[in-house]
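*Asks:* Quick one: this structure, given as structure tokens, is what I'll be asking you about.
The values are calculated or read from the model by the stated rules, or taken from the named source; none is laboratory data. Being a predicted model, the structure only gives us computed values, none of them experimental. Cβ: placed from backbone, ideal geometry, glycine included. Neighbour counts: every protein chain shown. Accessible surface is based on the protein model in full, side chains and every heavy atom, while ligands, DNA and RNA are left aside. Shrake-Rupley method; radii C 1.70, N 1.55, O 1.52, S 1.80 Å.
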Amino acid sequence: MDCDSDGFVVETSHGTWHALYVVSSTGTWGAPYPPAYPGSSEFAGEQLHPVDYRSPEPFCSKRVVVGGGGNSAAQILAEVSMVAETTWVTQRTPRFYARRRRRTCAI
């Protein structure tokens, strides 16, 4: 990963992607973990953790890389991909967890 004058560059064995914003889906809500990466101090774009994500509107017509293989990344990708050019990157196959259902009690 590197930063150029147009934002963020991710080079992989499957190609090169460019983005102005990065959504980093790591850690947990209570303990967010923005990962360190080479060139991060020169990165001119914005890096967010899901705990800071509110809506897709700020990303309209932008190029965005969403990183992470869990539910948060997939949910953010689903929203942001409707308004922006997106690329999803993960270190391993995504893992999804079923939502817990709330139990209700009849009175």
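*Asks:* Using a 1.4 Å probe, how large is the accessible area of residue 51, given in Å² and rounded to the nearest 10?
*Replies:* Looks like 40 Å² after rounding.
*Asks:* Could you tell me the relative contact order of the stretch 35-98? Use alpha-carbon pairs under 8 Å, at least six residues apart, and round to a whole percent. It would help to have the intermediate numbers written out before the result.
*Replies:* Values: 68 pairs, mean separation 21.6, N = 64.
That works out to 34 percent.
*Asks:* Determine, for each peptide in 83-91, 68-76, 10-18, 32-40, the mean count of other beta carbons within 10 angstrom over its residues, then list the peptides with the highest first.
*Replies:* Per-residue Cβ counts within 10 Å, averaged per peptide and sorted highest first, yield 68-76, 83-91, 32-40, 10-18.
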